[in-house]
Amino acid sequence: MSGSIFQKYARDFMLAGGLFVLILLILMLQGSAYTSRMLVEAACYAIIALGLTIQWGYAGLFNIGIMGFIAAGSFMFMFVSFPVNERFWNSAGPGMLVEPIVTLLIGVALIVAVRKLRMIPGWLRTPLTVIIFATTYLLVTAGIDPAAKVIESEAGFIGGFGLPVFVGWAAAGIIAGLIAWFAGRICLGLRSDYLAIATLGIAQIIKTFLKNADWLTNGTLTVSPLPWPVPKPIDGNFTEARSIYLALTAAFVIIIYMLLERAYHAPWGRMMRAIRDNEEAASSMGKDVNKRRLEIFVLGCILMGLGGAMLITFTGLFDPSGFIDLNHTFLIWVMVILGGTGNNRGAILGAILVYIIWVMSEPLALSLFDLVRVYGLDWFGWQAPGDLDSRALQMRVFVIGLTITLVLRFAPEGMLPERIRQD
Amino acid sequence: MNELVFFINKALISGLVIGSVYALGAIGVTLIFGILRFAHFAHADLMTVGAFVSYVLMALMAAAGFSAPVPLAFLAMFPAMVITALLAIWLDKTFYKPFRDRGSNPVIIVMASLGVTLMLQGLVRLFGGTRARSMYIGENKDIYRIPFPGAKRDLILTEPQLLLIIFTIIAVITLAVFLSRSRLGKAMRAVSDNPDLAQITGINTKHVVWTTWVIGGTLAAAAGTMLSLDVVLKPDLSFGLLLPIFAAVIVGGIGQPYGAIAGGMLIGFSETFAVFNWAVLLRPFRDSFPDWFELPTKIAFVPTEYKLAVPFFILILVLIYRPTGIFKGKVM
C-alpha cells in the first residue's frame with residue numbers, strides 16, 4: 001500500500017463528496033428545516049447501522065430483529081425520561097404493583113439460585129426451574145391484571161420518571177443489551193439461521209407487548225411530547241433547534257465510530273474477524289467463540305437501542321405501532337450491505353445515502369403512480385383502484401427487497417469494502 | 001356436556017385446523033432446509049401468493065358462471081398449486097441458485113430469501129391492495145352441525161375446515177409413499193442425508209432440487225388457500241405464519257418431513273390450548289369445590305394477543321434442551 005492518503009481512500013472521499021453535494025442540493029430545493037430533520041434521522045439510523053455492522057461485519061451474526069431492540073430502547077427511554085404522571089402516583093396503582101414486582105424478583109432470584117447452587121443435584125434443576133417459572137408467571141400475571149385495570153381507568157398509564165434525557169438514553173442501551181444477552185445465551189452456539197429466527201420472534205413479541213400493555217406504555221394511544229436533550233424549537237424556528245440536535249447526534253456518531261475503529265484494529269477486533277472467518281481455527285487456538293460472539297451481539301444491540309431512543313426523542317412521539325420491520329429492520333440491512341459490510345465508514349455513509357433515498361422515494365412513488373392513474377384513464381380508460389396511494393407505497397417494499405438481492409448478488413462487498421490490512 | 005362440546009369446537013378443532021396449516025407449510029421449509037441447507041424465509045409469502053393466485057382463478061371461474069358442489073376457490077387451488085410450484089422453481093433459479101453455484105455462505109442465501117420475501121409482499125399488495133377479501137363470490141360457506149349426544153350445543157365444522165383436514169391427510173400419505181417408495185423420493189432423502197455422497201452415486205441433484213421446490217410450492221399454495229378460505233384472504237397472511245412454521249420445523253427436527261407434521265400439530269394445539277379459557281371446563285364442577293375457592297371467569301395461560309409468544313417459547317425450550325428436535329433432525 002503506497003500513495004497519498006487521498007489515493008488510499010479515494011472511494012471514501014468520492015462517496016462522502018457525492019453525499020455532500022446531494023445534501024447541498026436538497027438544502028437548496030427543500031429548505032433548511034427539512035434538510036436538518038432528514039439529517040438528524042439519518043444520523044440516528046447511522047448509529048443503528050453501526051450496531052448492525054459490528055454484528056454482521058465483525059462477527060457474522062445474523063440479526064433480523066433490529067426493530068425489537070429499537071422498540072425496547074425507545075420504550076425504556078420513554079419510561080425513564082417522560083415527565084412523572086402525578087395521577088398514577090396518587091392512585092391505588094403503585095401499591096397494587098408492589099406485590100407482582102416483589103413476586104417477580106423473588107422468582108428470578110430463586111431460578112438463579114437453582115441454576116447456580118451446587119448443593120442441588122443436576123437432575124432436580126430442570127423440574128425445579130420449570131415449577132418456579134410457572135408459579136411466578138401465574139402469580140405475576142394474576143397480580144398485574146387488576147393493577148393494570150385500575151391504572152388504565154384512573155391514570156391512563158404509568159408515565160415516566162422524569163429523569164434527564166441522557167439517563168434515558170443510557171437506559172435504552174442497557175435494556176436492549178440485556179435482552180440481547182438473554183437471546184444470545186440461547187442462540188449463539190447454534191448456526192446463524194437460528195439466531196435469525198429467534199431475533200425475528202423476539203422483535204415481534206416486544207412489539208406485541210408494547211402495543212398491548214396499555215397500563216405501561218399507553219399502547220396505541222401513543223405518548224408525546226417526549227423531552228429533548230437540547231432546547232426545543234420555539235415559535236416554529238425549527239432550523240436552530242434541529243441543528244443543535246444534529247450536532248449532538250453527529251457527535252455521538254463520531255465518538256461511536258472512533259471507539260469502534262479502535263476496537264476493530266485492537267487485538268479484540270482481530271480475534272473477532274478470526275472467529276468470523278474460521279470458527280474452528282479460532283476455537284482451536286483457544287478463543288472462546290460463543291463468549292466473544294455474545295459480547296459483540298450485546299454491544300451491537302446496545303447501539304441499536306441507543307439509536308432507536310435518539311430517533312424517537314427527535315420525533316417526540318412514542319408509538320408502539322410505529323415500529324415496523326420494513327423501516328426498522330430491513331432498511332438498516334440495506335444500509336449496511338450497500339454501504340459495505342465490515343466497514344464502519346461504509347455503514348455511516350450507507351445509512352445517510354439510503355435514508356435520503358428512502359425519504360425521497362415516498363413522494364416519488366406517489367407522483368409516479370399518479371401518472372399511472374392519469375395516463376391509465378386517458379389512454380386505456382383504466383379506472384385506478386381507490387387505494388392506489390397506499391399501494392404505491394408498497395412499491396418501496398418491493399424495491400428494498402430487490403436492492404437486497406441485487407447487492408448480494410452483484411456487489412456483495414458494498415460501496416466501501418472491508419479493508420484487509422496487508423503488512 | 002355443553003362445556004365439552006365447547007372445548008372440542010374451540011380448542012380441538014381449531015387446533016387441528018391451524019396445526020394442519022402449519023404442518024403443510026413446515027413440510028416445505030424442512031425439506032428445503034434439509035436439502036438446500038438454508039432457512040427459506042419467503043415460504044410464508046409463497047403461501048400468500050398461492051392464495052392470491054387461487055383467488056384470481058376463483059374470480060375468473062365465478063365470472064364465467066361456473067358452479068360446483070365444493071367452494072370454487074378449492075377447485076381453483078389445484079391449478080394455483082401448479083403455478084406456485086413453477087414460481088418456486090423460478091425463484092430458486094433466479095435468486096438462490098446463483099449463490100449456491102458460487103459456494104456462498106448459507107447465511108447469504110437466507111438473506112436473499114428475505115429480499116424475496118419483501119419483493120413478494122410488495123407485489124402482492126401492489127396488485128392485490130391492502131384490504132381483506134372473502135374467498136367466496138356468490139357462494140355461501142357451508143357449516144356442518146353435528147349433534148353431540150347429551151349436549152344442547154352441536155359440534156360445528158365448516159366446509160373449508162373439513163376439506164383442509166382431508167387434504168392434509170391425503171397429502172401426508174402421498175408424501176410418505178413418495179418419499180419411501182419412489183426413486184426420486186429416495187434420492188431426496190439421500191441428498192438430505194449426505195449431499196456429496198449422493199452426488200457421487202449418480203443422483204441427479206437438479207431433479208432433486210426441482211422436486212423439493214415443487215413439493216414446497218404446492219403445499220404452500222394449498223395451505224395458504226385453505227387458510228384464507230376458512231378465514232379471509234389478507235395480504236399480510238404470512239405475517240403470523242412465519243414464526244410458528246419455523247418453530248414447527250425446528251421442533252420436529254430439520255430435514256424430517258414427519259417431524260414437521262408432528263411439530264406443526266404440536267405448535268397448533270399448543271397455541272389454541274394456551275389461549276383457551278379453561279374455566280369453561282371447570283364450570284360443571286363448580287359445586288364440588290371448597291367454599292374458599294372461587295372459580296375465576298377466565299383461566300387462560302396466555303392472553304389471545306400474545307398467541308405469538310407460544311411458538312417462540314416452545315422454540316426456545318427446544319433449542320435449549322434438544323436442538324435436534326423431536327425426530328432427531330440435523331443441527332446446523
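The values are calculated or read from the model by the stated rules, or taken from the named source; none is laboratory data. Quick caveat, the model's predicted, so the values are computed rather than measured. Reconstructed Cβ throughout: ideal geometry from the backbone, glycine too, with neighbour counts over all protein chains shown.
Among the candidates B:Ala274, B:Ala300, B:Ala279, the residue that is surrounded by fewer than 19 Cβ atoms within 10 Å (Cβ to Cβ), free of Cβ contacts under 8 Å to residues at least 60 places away in the same chain, within 25 Å of B:Ser20 (Cα to Cα) and of a type in the set (A, V, I, L, M, F, W, C) is uniquely B:Ala300.
The one condition from (1) within 14 Å of chain A (Cβ to nearest Cβ); (2) closer than 25 Å to A:Ala196 by Cα that B:Arg133 does not meet is (2). Scanning the stretch A:369-398 for residues that are touching a Ser or Thr at 6+ places or on another chain (Cβ under 7 Å) and surrounded by fewer than 19 Cβ atoms within 10 Å (Cβ to Cβ) yields a total of 2. Taking the stretch A:223-317 as the region of interest, the helices (runs of 4 or more DSSP H) fully inside it that hold 2 or more residues being touching a Lys or Arg at 6+ places or on another chain (Cβ under 8 Å) and closer than 18 Å to A:Gly184 by Cα are A:267-277.
Of all the residues that make up the stretch A:178-230, how many are small (Gly, Ala, Ser) and at the interface with another protein chain (Cβ under 8 Å from one of its Cβ atoms)? Break it down into steps so the answer makes sense when it comes.
To start, the set of residues in the stretch A:178-230 that are small (Gly, Ala, Ser) comprises A:180, A:183-184, A:189, A:192, A:196, A:198, A:201, A:203, A:213, A:219, A:224.
Checking the rest, the ones that are also at the interface with another protein chain (Cβ under 8 Å from one of its Cβ atoms) come to A:192, A:196, A:198, A:201.
Of the residues in that region, 4 qualify.
Of the residues making up the stretch B:126-144, none is modelled with pLDDT of 90 or more, β-branched (Val, Ile, Thr) and under 25 Å from the mean Cα position of the chain (by Cα). For the stretch A:339-374, filtered to residues that are charged (D, E, K, R) and touching a residue at least 24 places away in the same chain (Cβ under 8 Å), the residue that is nearest to A:Pro417 (Cα to Cα) is A:Arg345. Within the stretch A:357-372, one or more residues are among the β-branched types (Val, Ile, Thr), under 23 Å from the mean Cα position of the chain (by Cα) and more than 9 Å from chain B (Cβ to nearest Cβ).
Applying the set (1) outside any loop (DSSP other than H, G, I, E, B); (2) crowded, with 16+ Cβ neighbours inside 10 Å; (3) more than 14 Å from every other protein chain (Cβ to nearest Cβ); (4) modelled with pLDDT under 90 to A:Ser153 leaves exactly one unmet item: (2). Only residues that are at pLDDT below 90 and either among the aliphatic types (A, V, I, L, M) or crowded, with 24+ Cβ neighbours inside 10 Å (or both) were counted in the stretch B:236-252, giving 2.
What about A:Gly316, is it away from every other protein chain (no Cβ under 14 Å) and buried (at least 24 other Cβ atoms within 10 Å of the Cβ)? Please lay out each step first, then the result.
Working: away from every other protein chain (no Cβ under 14 Å): yes; buried (at least 24 other Cβ atoms within 10 Å of the Cβ): no.
The answer is no for A:Gly316.
Quick one: count up the residues across the stretch A:326-344 that are within 30 Å of A:Gly162 (Cα to Cα) and surrounded by 22 or more Cβ atoms within 10 Å (Cβ to Cβ). So that I can check it myself, show each step before the final result.
From the stretch A:326-344, those within 30 Å of A:Gly162 (Cα to Cα) are A:327-329; that's our starting set.
Checking which are surrounded by 22 or more Cβ atoms within 10 Å (Cβ to Cβ) leaves us with A:328-329.
Qualifying residue count for the region: 2.
Pairing residues of the stretch B:95-111 that are within 23 Å of A:Leu200 (Cα to Cα) with residues that are among the hydroxyl-bearing types (Ser, Thr, Tyr) and in a helix (DSSP H, G or I), at Cβ distances under 6 Å and at least 6 apart in sequence or on separate chains, gives B:Phe95/A:Thr405; B:Val107/A:Ser192; B:Ile109/B:Tyr96.
Among the residues of the stretch A:159-184, those identified as in contact with a helix residue (DSSP H, G or I) (Cβ under 7 Å, 6 or more places away or on another chain) and within 15 Å of B:Leu315 (Cα to Cα) are A:Ala183, A:Gly184.
Hey, could you check the stretch A:54-88 for residues that are within 12 Å of the chain's Cα centre (by Cα) and polar (S, T, N, Q) and say which is nearest to A:Phe157 (Cα to Cα)? So, considering only residues that are within 12 Å of the chain's Cα centre (by Cα) and polar (S, T, N, Q), the one nearest to A:Phe157 (Cα to Cα) is A:Ser74.
Checking B:Pro69 against (1) buried (at least 23 other Cβ atoms within 10 Å of the Cβ); (2) over 12 Å from the mean Cα position of the chain (by Cα), which single condition isn't satisfied? Going through (1) buried (at least 23 other Cβ atoms within 10 Å of the Cβ); (2) over 12 Å from the mean Cα position of the chain (by Cα) one by one, B:Pro69 breaks only (1). Here the condition is being outside any helix (DSSP H, G or I), within 14 Å of another protein chain (Cβ to nearest Cβ) and buried (at least 18 other Cβ atoms within 10 Å of the Cβ); of B:Ser113, B:Ser104, it holds for B:Ser104 alone. For B:Glu159, the conditions (1) within 22 Å of the chain's Cα centre (by Cα); (2) exposed (fewer than 15 other Cβ atoms within 10 Å of the Cβ); (3) away from chain A (no Cβ under 14 Å) are fulfilled apart from (2).
All conditions but one from (1) facing chain A (nearest Cβ under 9 Å); (2) among the small types (Gly, Ala, Ser); (3) part of a helix (DSSP H, G or I); (4) surrounded by fewer than 22 Cβ atoms within 10 Å (Cβ to Cβ) apply to B:Ala62; the one that does not is (1).
Applying the criterion of being in contact with a Phe, Trp or Tyr (Cβ under 7 Å, 6 or more places away or on another chain) and in a helix (DSSP H, G or I) to the residues of the stretch B:248-259, the residue that is nearest to the other protein chains (Cβ to nearest Cβ) is B:Val249. Residue count for the stretch B:277-332, restricted to those that are touching a Leu at 6+ places or on another chain (Cβ under 9 Å), farther than 16 Å from A:Leu138 by Cα and part of a loop (DSSP other than H, G, I, E, B): 6.
Only one residue in B:Leu24, B:Leu72 is within 29 Å of B:Asp193 (Cβ to Cβ) and away from chain A (no Cβ under 12 Å), so which one is that? Every option except B:Leu24 fails the conditions.
Suppose the filter is touching a helix residue (DSSP H, G or I) at 6+ places or on another chain (Cβ under 6 Å) and either assigned to a helix (DSSP H, G or I) or of a type in the set (A, V, I, L, M, F, W, C) (or both); does B:Ile166 pass it? Explain how you work it out, then say what you get.
On the way: touching a helix residue (DSSP H, G or I) at 6+ places or on another chain (Cβ under 6 Å): no; either assigned to a helix (DSSP H, G or I) or of a type in the set (A, V, I, L, M, F, W, C) (or both): yes.
Answer is no for this residue.
Within the stretch A:401-418, not a single residue is at the interface with chain B (Cβ under 7 Å from one of its Cβ atoms) and assigned to a loop (DSSP other than H, G, I, E, B).
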